[in-house]
Amino acid sequence: MIGTSMCWGFVNRETDARNGLISMPYVANSEQDIYIFGGAITAGASISWFREQFCEQDRQAAQAQGEVDVHQLMERDAAKTPPGANGLVFLPYLMGERSPIWDPNASGSFVGLTLYHTRAHLYRSILEGLAFALRHNIECGRQGAARLDPELIVVGGAARSDLWMQIIADVTGYPVLTIEQDVEAPIGAALLAALAGGLVEDVAAIRNWISLTPRAKPIAANSAVYERMFQQYCGLYPKLRDAMHDLRAVAQERE
């Protein structure tokens with residue numbers, strides 16, 4: 001789920017809970033199944049921040065064109081920039097971070113910024129940085145999971161973006177599917193109500209309520225670039241953590 005924040009999760013019968021994620025009994029079949037999840041605190045919020053602070057021209061153009069979403073204009077140029085945004089990495093810790101680092105004093109960063117980079121590079125690096133955050137959680141889940149499904153199902157506002165779906169596929173190495181119907185959490189609530197009321201026998205009934213649409217498959221050349229970038233992403237937080245904390249202390253002194 002990628003909306004204002006991000007939540008990635010899976011259901012297993014057993015897990016190693018020492019890898020930075022949260023685990024609890026699954027809402028259905030809770031005596032046997034465990035729900036393990038984690039995610040970034042500022043996913044879509046990072047997009048909104050960038051849009052509000054740096055994309056006024058795109059916002060005005062979208063209003064003038066009527067039916068055009070401002071994000072389509074933002075992505076048009078970002079899609080023309082290469083994977084890896086020419087060596088630019090975004091750490092999406094704009095309000096601290098949840099899993100797997102659990103640090104309320106972490107802060108966001110653009111690392112690798114040069115005079116060559118444009119606003120389109122910055123926007124692409126945000127999309128990529130959030131995909132790296134997703135993969136960071138997936139890698140932690142992989143360490144403790146008995147198994148993971150061979151594909152990702154993405155819901156939320158991010159699912160409207162073809163560019164972001166391709167980036168996620170390339171970064172994670174998983175094919176990406178989205179739900180054809182415009183449904184999110186309410187359909188889960190309806191399923192649980194139907195289960196409790198005896199109208200369905202099993203949560204597997206959800207498969208009859210929705211249709212999955214393939215959206216993106218990993219492109220090997222892109223994935224090779226992102227593999228190097230992901231290693232840099234994971235290494236940056238430990239290197240910058242002390243500076244992040246010191247700068248947060250300075251900010252708090254001025255608040």
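In debye to the nearest 20, how big a dipole does the chain give about its Cα centre with +1 on each Lys and Arg Cβ and -1 on each Asp and Glu Cβ?
That gives a dipole near 600 debye.
Could you sort 161-167, 123-129 so that the peptide with the highest average Cβ count within 10 Å comes first and the rest follow in order?
Taking the mean over residues of other Cβ atoms within 10 Å, the ranking is 123-129, 161-167.
Using Cα springs under 10 Å in a Gaussian network model of the chain, which residue among A131, A190, A216 shows the largest mean-square fluctuation?
Of A131, A190, A216, the Gaussian network model singles out A190 as fluctuating most.
Going toward the positive end of the dipole of the chain, with +1 on Lys and Arg Cβ and -1 on Asp and Glu Cβ, which of L191, L122, W209 do you reach last?
In the chain, that residue is L122.
Order T114, T178 by their accessible area, 1.4 angstrom probe, all chains in place, largest first.
Largest accessible area first, the residues go T114, T178.
Only Cα pairs within less than 10 Å get springs; with that Gaussian network setup on the chain, which residue of A120, A205, A40 has the largest fluctuation?
Taking springs between Cα atoms under 10 Å, the residue moving most is A205.
Tell me which of S107, A251, A221 sits at the most positive position along the dipole axis of the chain, charges placed on C-beta atoms (Lys, Arg +1; Asp, Glu -1).
Ranked along the dipole, the leading option is A221.
(1) 16.1; (2) 13.6; (3) 14.9: which one is mean projected area of the Cα convex hull in nm² as calculated from this entry?
Read-out from the structure maps to (1).
Using 1/(1 + (r/R0)^6) with R0 = 45 angstrom and r between the beta carbons of A220 and D103, what's the FRET efficiency to the nearest 0.05?
With a Förster radius of 45 Å, E is 0.85.
Please list the non-local residues whose amide H lies under 5 Å from the amide H of R215, H modeled 1.01 Å from N, same-chain partners needing a gap of 5 or more.
Amide H neighbours of R215, under 5 Å, 5+ apart: V176, L177, T178.
Taking amide H positions as placed 1.01 Å from N in the peptide plane, with prolines and chain starts having none, which residues 5 or more places from Y26, or on another chain, fall under 5 Å of its amide H?
For Y26, the qualifying residues are D33, I34, Y35.
Just to confirm, what accessible area per residue do you get for the stretch 161-255 at 1.4 Å probe, in whole Å²?
Using a 1.4 Å probe on heavy atoms only, each residue of the stretch 161-255 averages 63 Å².
Once you have a ≥ b ≥ c as the square roots of the Cα gyration tensor eigenvalues for the stretch 193-255, tell me rounded if a/c is under 1.5, and otherwise prolate or oblate according to whether a/b is larger than b/c.
Oblate shape, in that a/c is at least 1.5 and b/c is the bigger or equal ratio.
What is the percent carbon and sulfur in the accessible area of the chain, measuring with a 1.4 Å probe over the protein chains and ignoring ligands?
That fraction is 53 percent.
Could you work out which residue, out of I187, I138, I179, moves most in a Gaussian network model of the chain, that is, has the largest mean-square fluctuation with Cα springs under 10 Å?
I187
The values are calculated or read from the model by the stated rules, or taken from the named source; none is laboratory data. This structure is a prediction, so every number in the text was calculated from the model and none was measured. Using ideal geometry, Cβ is built from the backbone for each residue, glycine included, and neighbour counts are taken over all protein chains shown. All accessible areas refer to the heavy atoms of the entire protein, side chains included, with ligands and DNA or RNA removed. Shrake-Rupley method; radii C 1.70, N 1.55, O 1.52, S 1.80 Å.
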